[in-house]
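Colleague: Here's a structure for you.
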Amino acid sequence: MALSMDASLSLNEVVQARPSASAPAAPRHLDPRVSLVVLVAINVQMALTQSLLAEMGVLALAVVAMAYCRRFSAIVRWLAFYALFAVTAQLFVASGNTVLSPFAASLLMYRHVLPAFMFAFNMIATTRLGELACALQAMHVPANVSVTVCVAFRFLPTMGREFSAVADAMKTRGIALTPKSVVCHPAKTAEHFLVPVIARLGQIADELGNAVVVRGVGVSAHRTSYYRLRVRAVDVACLIAAMALLAFAVCLRVGVLR
């Protein structure tokens, strides 16, 4: 009996020790207030200058933020898109073909704004809706605006799920959405994919409007929150980096730096 009790105790110690050793890392994210300020600064910088050096600075900031949030697979995907846009645009420019010039210009524009999209999508993927609402209230944003922003905040993930649902439905009907089908049958692919998506857009718009009403748009009462926001060292470093990049863009714009 004593031996069985000792064996059970030792087994319990092993079971209790294993989860702590192999427990998943806690999710990380930047403070929503800092993310909003940084996102505004990045967009202002992108509008002020087309400098490749400033663009690479924003790209590095977005990659560091995503690495801090442990979204390494997303970093690989976004950098692959960035490299694809950059390389394709350079090939179009090097070809000297005037027909390809508009496409090269479009790709260069997409490449320029891609780092801002990286940071924005990282914020969307890592920030809870309640934290965003708490951050907007802490920043004294009007309740109507904050509720609308919170509802719109979920629009892109919702549309992503709708795209996946339509693609799965097409696959079930034997109409796979592949590059070959798009090239060989563009009209049929557009009909089978875009028509259901556009039909869903109207329904989603109604649902978002109902969500705004349910969340008390127009109510002046002070809202409480389960979340407690705290600015940490990484948030301060991210904010300082964004302000430095914005100051660099302003200097380039006014001609202080060349």
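Colleague: Would you confirm whether or not segment 64-82 contains a residue that is of a type in the set (F, W, Y), more than 20 Å from L30 (Cα to Cα) and either modelled with pLDDT under 95 or over 18 Å from the mean Cα position of the chain (by Cα) (or both)?
Modeller: Yes.
Colleague: Now a separate question. Please go through (1) open to solvent by 30 Å² or more (accessible area, probe 1.4 Å); (2) within 22 Å of L30 (Cα to Cα) for S101 and return the number of the only condition it doesn't satisfy.
Modeller: (2)
Colleague: Sticking with this one: Quick check on my filter: what residues within segment 150-190 are among the polar types (S, T, N, Q), over 20 Å from F117 (Cβ atoms), without any contact (Cβ under 8 Å) to a residue 12 or more places away in the chain and not in a loop (DSSP other than H, G, I, E, B)?
Modeller: T172, S181
Colleague: A further question on this structure: Tally time: how many residues in segment 81-98 are hydrophobic (A, V, I, L, M, F, W, C) and open to solvent by 60 Å² or more (accessible area, probe 1.4 Å)? Before you say what the answer is, go through the steps one by one.
Modeller: Keep residues of segment 81-98 that are hydrophobic (A, V, I, L, M, F, W, C), which gives 81, 83-87, 89, 91-94.
Then keep just the ones that are open to solvent by 60 Å² or more (accessible area, probe 1.4 Å); that gives 81, 84, 87, 91, 93-94.
Total meeting the criteria: 6.
Colleague: Also, quick follow-up: Do you know which residues across segment 233-258 are more than 13 Å from L48 (Cβ to Cβ) and of a type in the set (K, R)?
Modeller: Scanning segment 233-258 gives a single hit, R258.
Colleague: Just a yes or no: is a residue in segment 191-200 open to solvent by 70 Å² or more (accessible area, probe 1.4 Å) and not in a helix (DSSP H, G or I)?
Modeller: no
Colleague: Give the residue, chosen from R154, R215, that is within 30 Å of L59 (Cβ to Cβ) and modelled with pLDDT under 75.
Modeller: The match here is R154.
Colleague: Residue check: is Q50 out of contact with any Asp or Glu (no Cβ under 6 Å at 6 or more places or on another chain), outside any helix (DSSP H, G or I) and surrounded by 12 or more Cβ atoms within 10 Å (Cβ to Cβ)?
Modeller: Yes.
Colleague: What pairs come up if the first residue lies in segment 63-89 and is touching a residue at least 24 places away in the same chain (Cβ under 8 Å) and closer than 16 Å to A116 by Cα, the second is assigned to a helix (DSSP H, G or I) and open to solvent by 90 Å² or more (accessible area, probe 1.4 Å), and their beta carbons are under 7 Å apart, counting only those six or more places apart or on different chains?
Modeller: Final answer for the pair search is F85/Y110.
Every residue, every condition in (1) open to solvent by 50 Å² or more (accessible area, probe 1.4 Å); (2) among the polar types (S, T, N, Q); (3) under 30 Å from V87 (Cα atoms), yes or no:
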position: R111; (1), (2), (3): no, no, yes
position: F117; (1), (2), (3): yes, no, yes
position: A120; (1), (2), (3): no, no, yes
position: R128; (1), (2), (3): yes, no, no
position: M139; (1), (2), (3): yes, no, no
position: T148; (1), (2), (3): yes, yes, no
position: V151; (1), (2), (3): no, no, no
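The values are calculated or read from the model by the stated rules, or taken from the named source; none is laboratory data. These numbers come from a predicted model, not from an experiment. Cβ sites come from the backbone with ideal geometry, for glycine too, and all protein chains shown count toward neighbours. SASA here: full protein model, heavy atoms, side chains in, ligands and nucleic acids out. Shrake-Rupley method; radii C 1.70, N 1.55, O 1.52, S 1.80 Å.
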